[in-house]
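Colleague: The structure under discussion is supplied below as structure tokens; questions concerning it will follow.
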Amino acid sequence: MVLFGWRNDFTILKSFNAGYTTMKANTALCVLGTSIALMLLSLQSAEAVFRRLVLLCLAIPGIISVLTLSEFIFEVSLGVDQFFIRDKTPPSEHAPFPGRMSQLTALSFLVFTLSILGMNRKDRWGRVSQVLFHCITLVAAIALMGYALRVPRFYSLAFFYSMALPTSICLLLLSVAAAALLPEYGYARLFLSSGIGNVVARRFFPFMFFSVLGLSLLWLEMYRLQAVNIEMGVGITALFFLLATLVLIDSTTGKLNMIDKQRSEAEQRLRNWNTNLEEIVADRTRELTESNRRNQIFVNGAPSAIAMFDTEMRYIAASERWVKDYKLEGRSLIGVSHYDVFPEIGEDWKQIHRDCLAGEINRSSSSHFLRMDGTEMWLMWDVRPWFISENKIGGLLMYTADITELKLKEQEIQSLLNVTRDQNERLRNFAHIVSHNLRSHAGNISMLLDIMTQEHPGVSDWEVVKLLYQSSENLKETIGHLNEVVTISSSVQTNLRGVNIRQHVYQAMQSVSALARERNVTIYNEVDAEMVVAGFEAYIESIILNMLTNAIKYSDTTKESFVRVYGSKEQAYCKICFEDNGIGMNLQVVGERLFGMYKTFHDHPDARGVGLFITKNQVEAMGGKIGVDSEVGVGTTFKVYLKCNKI
């Protein structure tokens, strides 16, 4: 606005009053640069471009103020006064140099520039900057008081030229804004903090300032009009000042009383909360104490081996089973260290205890423990912390189970398995030997029969010779089957091949087609043509044939009977389902006996109790499993799981 006033010669924009000193164009530029710098600093940006802009803006008041002070000090004209806008005002006593700001204004802007440069420092320079801002505020306030009270000495000292009214206002606003950017230092802290004293200061200062200013102005005007003499004026001023102070004290007292009331109410609420909290803590403590007491009673009477310890691993409680398992009868355990009772405990166990006291839970299904007397024990154990409060651990709860007998039986079973494995190996060797020797003898018998018929052609028509030929062929076939079973049984897993289930279901359907027509049973082959399992082809044929035969054999003659064969994939397995609507069975009665040897559950004349036993063993030999769902009068579904073939 001032620059616009100089550009267009509007006096009101340059000085607010024709009789006052004008604000120079250079002063307006300094105010503009300083204002932009303070605005950028208030954004508190750490980017380099902002810092460069601040320095660029501060360069304007810094350079102009230095050049202006140099002109005053060295009594020279550097041309900066008329550089931007030409001042046509004639020289006067208070402004002998047109366009030049006063010494006090130039000094204020120089101090302002230096103070802004140091205000971001967190050391003593920050405090110095705040003090300098306060000095500029004081100078500007004195000048404004001079204009308000019409006391020229306030804004025009004997050795300085007059400071313009707009300049005083701008310096006051800029210095206050700059001080507010450093709220932790100086008088800014007095007015910007949130304490009770700061609240009082914010209410007290404006009232006192305007009261004193108003009373002073009133007294001076009355004195200038000669309405009162000095003595009466001082008395009236003192009286009004006392009245103003009384009003201020009343207002401040009301504010403080209200704050004190709020504080008292807050303290009462806090006391109520504390009382409630103490009651809650007391209730919680009683609950935890009762809980710990119940835990001790539980531990003492538990049928398992349980012990309760404090944080120093001293016994709080121990069950009778604990005492019995560790042969501690007759010993007083309460208050005794666990490590004194079991001195053989090693560092590994102690580390487990330390971890659990830190909040962890540790357990083991089988651990070896060697007692001091040389006794070996196998333990299943669980160690976990117990709590005094929600976040405070009171000690450990330790549960152990002596599984030594179970471990010994497990070792015995393993020994029996080793013996069985050895015996099976011997049986396989025996089967190899028997099949080899019988094959040789059978071959000899067949060869002798051939020689006899060649030498005596007529004997081939004898009934006895025909029977001998038939018996010889049957013997060779039996030996071949025996040899095949021995070979597969010894290495079935390595002989698995890809077998297409849908094709073998069709082959089995052809084999049982006559039986199915006789029993009026329809067979549906719904297996995916791409389903291929890893299996032994002879076993697969036997399994499918046995499943279909059983389904037909136990069909319900009162229904239109069917058998559905379908499949699906479940992870690594191919599931083949044989579903029928036959007579069904009660699985709760049958139980696991269903797949037993010579177990029959119907009065069917062909039931032998061998088929399902063989089927289960064939499935398991190929690494699979078999299950069944059945309901009497509804039907049965056998589910065979075989490993899918990996292509």
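The values are calculated or read from the model by the stated rules, or taken from the named source; none is laboratory data. This structure is a prediction, so every number in the text was calculated from the model and none was measured. Surface accessibility is based on the protein's heavy atoms, side chains included, excluding ligands, DNA and RNA. Shrake-Rupley method; radii C 1.70, N 1.55, O 1.52, S 1.80 Å.
Colleague: For Gly395, which sequence-distant residues (separation of 5 or more, or a different chain) have an amide H within less than 5 Å of its own amide H, given hydrogens modelled in the peptide plane?
Modeller: When sequence neighbours closer than 5 places are left aside, the close amide H contacts are Trp386.
Colleague: Between Tyr573 and residues 5 or more places away or on another chain, which pairs have amide H atoms under 5 Å apart, with H built 1.01 Å from N, and which residues are they?
Modeller: Residues meeting the amide H criterion: Cys644.
Colleague: For a quick check: with amide H placed at 1.01 Å from N, whose amide H comes under 5 Å from Ala317's, ignoring anything fewer than 5 positions away on the same chain?
Modeller: Amide H neighbours of Ala317, under 5 Å, 5+ apart: Met308.
Colleague: Then there is this: Among the listed pairs Lys324/Lys392; Lys409/Lys639; Lys559/Lys643; Lys559/Lys616; Lys466/Lys553; Lys327/Lys350, which have their C-alpha atoms separated by more than 27 angstrom in this model? Walk me through the numbers before you get to the answer.
Modeller: Working: Lys324/Lys392 32 Å; Lys409/Lys639 34 Å; Lys559/Lys643 35 Å; Lys559/Lys616 29 Å; Lys466/Lys553 36 Å; Lys327/Lys350 21 Å.
Lys324/Lys392; Lys409/Lys639; Lys559/Lys643; Lys559/Lys616; Lys466/Lys553, as the Cα separations exceed 27 Å there.
Colleague: Enter the accessible area of Tyr524 (Å², nearest 10), with the probe set to 1.4 Å and all protein chains included.
Modeller: Solvent-accessible area, nearest 10 Å²: 100 Å².
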